[in-house]
Amino acid sequence: MAILVAGGCGYIGSHVCKMLSKRGYDVIVADNLSHGYAENAKWGRLEQADIGDRAALDRVFAANKIDAVMHFCAYIEVGESAAEPSKYYRNNVANTLVLLDAMMNAGVDKFIFSSTAAVYGVPQRTPIEEDDPKNPINPYGRTKYMVEQILGDYGTAYGLKSIAFRYFNAAGADPDTEIGEAHIPETHLIPLVLDAALGLRDSIKIYGTDYKTPDGTCLRDYVHVNDLADAHIRGLEYLLKGGNSSCFNLGSGRGFSVREIIDTVAKVTGKPVKAEETPRRAGDPDILVAKSAKAFDVLGWKPVIGLDEIVATAWKWHKKYKKAG
Ligand code: UFG
């Protein structure tokens with residue numbers, strides 16, 4: 001069984017490739033290496049191809065008997081999406097259409113899509129359920145929600161079977177330290193706090209201390225990247241067994257504040273981090289916590305890796321990666 005992993009050289013995609021390979025799947029990675037790293041393609045053959053390049057995709061589909069596609073090649077920075085919407089709609093929406101059309105042309109009808117909690121915008125209740133209103137508040141979230149709707153239309157018209165996974169805060173790293181989170185530039189909380197613990201920055205900024213939360217800082221639902229990877233394989237197997245198209249929240253159901261993350265990093269690394277309180281960052285809802293009961297009921301998925309281990313695995317990899325430069 002061969003799976004094409006578009007964006008398999010990136011953070012989440014590479015962890016999924018490793019798990020797919022361990023569970024006996026053949027992996028073919030398609031990545032343009034704009035943000036991913038060629039050395040992350042350790043568990044499948046790398047085809048250096050852009051998902052917006054139809055001719056390149058046609059060659060990949062012609063050369064390999066592919067049973068399903070997983071798609072991880074999106075731009076993910078909320079602030080950048082507001083400043084450069086064209087870049088986001090072109091890559092995250094238009095290029096996804098090119099990939100879907102190449103799949104349809106090749107007769108591949110199973111698709112797993114990385115969506116996001118950002119489709120909900122500012123949630124009306126917590127924890128968030130899949131049927132809650134989708135009101136994305138930035139172009140990034142809108143691109144993901146547009147693709148979700150496109151998947152529905154492709155299902156109706158062309159028989160595409162798809163799963164959209166709405167990730168909450170992906171975090172942590174491969175416990176064997178072969179791969180981890182290395183965004184350039186880094187904007188995510190846990191790697192930034194780890195940079196401070198490593199002495200690579202003097203302090204960490206807390207964006208806003210006047211949120212409606214117990215300690216005034218934002219609450220987020222952190223989920224280990226290997227728990228996400230496990231959900232992808234369960235989703236794939238559900239589709240292979242004839243399951244219907246669907247979307248699922250992927251989160252732990254528990255929110256941690258920015259201060260709790262900083263404290264957890266201090267506890268796990270033994271290195272206290274200086275925190276500087278600053279005004280809010282634009283577009284951050286007070287609380288984003290998932291109800292993932294649907295993923296449990298339909299896929300049997302439950303995250304098993306808690307916050308301490310998320311931080312510990314990220315720390316182990318972070319030290320190795322940052323030391324190596
Ligand atoms: N934060 C800080 N200081 C920092 C960085 C982040 O206080 O230096 C805070 C943020 O304000 C937020 C929390 O830490 O409250 C988490 O921030 P991240 O940037 O790590 O993650 P986000 O929750 O903003 O983003 C995640 C995904 C996005 C996705 C979004 C969905 O990384 O891709 O969830 O809402 F769009």
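Values for this structure:
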item	result
Simple Cβ-charge dipole of the range 1-148, Lys/Arg +1 and Asp/Glu -1, about Cα centre, in debye nearest 20	280 debye
Distant-in-sequence amide H partners of S115 (H built 1.01 Å from N, under 5 Å)	F165, R166, Y167
Extension reserve of the I184-A82 stretch, reckoned as 0.36 nm per residue once the Cα distance is removed	34.9 nm
Those aspartates and glutamates that a straight Cα-Cα span of less than 15 Å connects to K42, excepting residues fewer than 8 apart in one chain	D26, D31, D174, D176, E178
Residue-wise HN-Hα coupling along the range 110-120, computed from phi with Karplus coefficients 6.51, -1.76, 1.60 (Hz; x: Gly, Pro)	10, 9, 10, 10, 7, 9, 7, 4, 5, 5, 7
Nonlocal amide H pairs with I305, under 5 Å, H built at 1.01 Å	H224
3J(HN,Hα) from dihedral phi, the range 255-262, Karplus parametrisation 6.51/-1.76/1.60, rounded to Hz, x for glycine, proline	x, 10, 7, 4, 5, 5, 5, 4
Positive-pole candidate from V93, P123, A82, dipole of the range 66-125, charges at beta carbon	P123
Amide H contacts under 5 Å for E47, placed H, 5+ residues apart	V29, A30, D31
Heavy atoms of T126 accessible to a 1.4 Å probe, total area in Å² rounded to 10	80 Å²
The chain shape via C-alpha gyration tensor axes, a/c threshold 1.5	prolate
Overall form of the range 83-158 per C-alpha gyration tensor (a/c, 1.5; a/b vs b/c)	oblate
Hz values of 3J(HN,Hα) by residue in the range 185-194 - Karplus curve (6.51, -1.76, 1.60), Gly and Pro given as x	x, 7, 10, 7, 4, 4, x, 5, 5, 5
Gyration tensor verdict on the range 250-325 (Cα atoms; rounded if a/c is under 1.5, prolate if a/b is larger than b/c, oblate otherwise)	oblate
Difference of contour (0.36 nm per residue) and Cα-Cα distance, D153 to S34	39.9 nm
Sulfur and carbon atoms: percent of accessible area, the chain [1.4 Å]	50 percent
Total charge dipole magnitude, the range 185-325, about the Cα centre, Cβ charges on Lys, Arg, Asp, Glu only, Debye to nearest 20	340 debye
Size of charge dipole - the chain - debye, nearest 20, with Cβ of Lys, Arg +1 and Asp, Glu -1, no other charges	360 debye
11 Å beta-carbon shell around G159, net charge (K/R +1, D/E -1)	+1
Accessible solvent surface per residue of the range 1-134, calculated while the other protein chains remain in place, 1.4 angstrom probe, Å²	41 Å²
Theoretical ellipticity at 222 nm over the chain - DSSP helices of four or more residues, -39500 (n - 2.57) apiece, nearest 500	-12000 deg cm²/dmol
Rounded tilt (10° steps) of 95-106 against the dominant C-alpha axis of the chain	30 degrees
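The values are calculated or read from the model by the stated rules, or taken from the named source; none is laboratory data. Note that the coordinates shown come from a computational prediction; the quantities given were computed from them, not determined experimentally. Quick reminder, even Gly has a Cβ in these numbers, built from the backbone with ideal geometry, and neighbours come from all protein chains shown. What goes into the accessible areas is simple: the full protein's heavy atoms, side chains included, and nothing from ligands, DNA or RNA. Shrake-Rupley method; radii C 1.70, N 1.55, O 1.52, S 1.80 Å.
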